[in-house]
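Trainee: Here it is: the structure, laid out below.
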Amino acid sequence: MNLEATVHATGHEHVSAEHASTLELTSDDFLTPAGDCILGIDAYPVPCEFDEEFVAACRDADATISATIRAAGHTATVTGSGHPDLTFESDRSHVLRTSDYVDDRTVMVEADAAAGDVDRDLVAALADGADVTMTLRVTVD
């Protein structure tokens, strides 16, 4: 089974993408320099708006989840795992985590990359305010 959800967001001048363990898109309309894991603001849809079939697939312990992030001709892909405790209840943020920590914002655990690993050309485009899409794809064998 393969299911997808696409999130749209916008870069911001404070995108630095330096965080070593998380990567985030937020629905907030602002970003402070402290938000070093955030790649985009004004993100929609938010996790609580995802299709229930997609959410159920992400809760499978054997699920593989990939996130393909595209902006201004640049692409980055992060691959991680699903988890039975994923709730997708957040009405604010999508967080990809390199750890197995789960809260209502978590959409992927055990990610193979975080914000600090994203290609610097992509980060520069986001810091210039480029539009960004993140396509989440869940695969369950």
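The values are calculated or read from the model by the stated rules, or taken from the named source; none is laboratory data. The shown structure was predicted, so the numbers you read here are calculated from the model rather than taken from an experiment. Please note: Cβ atoms are built from the backbone with ideal geometry, for glycine as well, and neighbour counts cover all protein chains shown.
Trainee: Determine which member of the set 46, 123, 118 is modelled with pLDDT of 95 or more, closer than 14 Å to residue 7 by Cα and β-branched (Val, Ile, Thr).
Mentor: Testing whether each residue is modelled with pLDDT of 95 or more, closer than 14 Å to residue 7 by Cα and β-branched (Val, Ile, Thr) leaves just 46.
Trainee: Answer with yes or no whether residue 50 is touching a Pro at 6+ places or on another chain (Cβ under 8 Å), closer than 24 Å to residue 140 by Cα and either surrounded by fewer than 16 Cβ atoms within 10 Å (Cβ to Cβ) or of a type outside the set (A, V, I, L, M) (or both).
Mentor: Answer is no for this residue.
Trainee: Another question, if that's okay. Report those strands (runs of 3 or more DSSP E) wholly inside the stretch 39-141 carrying at least 1 residues which are under 19 Å from residue 14 (Cβ atoms) and over 11 Å from the mean Cα position of the chain (by Cα).
Mentor: Output list reads 64-71, 74-81, 131-139.
Trainee: Continuing with this model, one more query. Filter the stretch 4-18 for residues that are more than 12 Å from the chain's Cα centre (by Cα), surrounded by fewer than 19 Cβ atoms within 10 Å (Cβ to Cβ) and closer than 24 Å to residue 64 by Cα and give the result.
Mentor: Correct list: 4 only.
Trainee: Based on this model, can you work out whether residue 82 counts as buried (at least 21 other Cβ atoms within 10 Å of the Cβ) and small (Gly, Ala, Ser)?
Mentor: yes
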